[in-house]
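All remarks here apply to the structure that follows.
The values are calculated or read from the model by the stated rules, or taken from the named source; none is laboratory data. Remember, predicted model here, so these are calculated numbers, not experimental data. Neighbour counts run over all protein chains shown; Cβ positions are idealised from the backbone, glycine included.
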Amino acid sequence: MKLAICIVHNRDKGKVADELIKAGFKSTIIGSTGGFLREGNTTFLVGVEDEELGSLKAVVEQNCQSREQVVNMMPYETAQPGAFVAAPVKVPVGGAVLFVLDVEQFHRF
Ligand code: 2BA
Ligand code: 2BA
């Protein structure tokens, strides 16, 4: 068994959640924050059998869209009033970031 940790953009979370259910996956949804942009994103935990992993990846890939997001490199809270603020830059965000871990044990009580 594997545990997939899947971080998706908030704009894709509804679609991903719906399609996971349609495909028969069980998941847990956690509201999370990106360490770089400091914006909300969504983390799905999905426990799957090894042979279901390919199908899970397909669901995620088909429902997460890569996009560019503008970010100001100087965190607002550290900028002094009137200080020079670096020009905004664009960073690619998503489609999705997926980690797959081996599950040592799974219990249901
Ligand atoms: P349980 O299977 O006892 O799951 C309870 C909660 O545990 C789930 O809440 C989910 O947050 C987490 N969970 C269970 N299996 C998981 C897994 N493989 N990976 C990650 N998290 C897992 P809910 O998603 O709200 O589900 C509540 C109950 O609805 C479930 O109870 C199950 O009886 C049913 N269910 C969930 N997903 C289903 C699906 N795709 N098709 C049919 N029934 C589903
Ligand atoms: P954020 O940390 O808010 O990152 C948003 C996007 O900013 C990233 O998109 C990447 O294009 C860029 N970025 C992030 N850290 C950077 C850095 N140190 N230097 C330059 N550019 C950077 P994605 O790679 O698609 O990541 C989307 C979200 O997935 C991330 O949001 C983070 O929450 C999560 N994530 C990505 N890689 C991760 C990792 N290795 N470990 C844990 N979480 C990760």
**Report entry** Elements of type strands (runs of 3 or more DSSP E) in region 15-72, at least 1 residues being modelled with pLDDT of 95 or more and more than 9 Å from ligand 2 (Cβ to nearest atom)
**Finding:** 28-33, 40-48
Query raised in the report: Going by the structure shown, is VAL97 surrounded by 14 or more Cβ atoms within 10 Å (Cβ to Cβ) and either in a strand (DSSP E or B) or modelled with pLDDT under 85 (or both)?
Result: yes
Query raised in the report: Is one or more of the residues making up region 43-60 hydrophobic (A, V, I, L, M, F, W, C) and under 16 Å from VAL91 (Cα atoms)?
Result: no
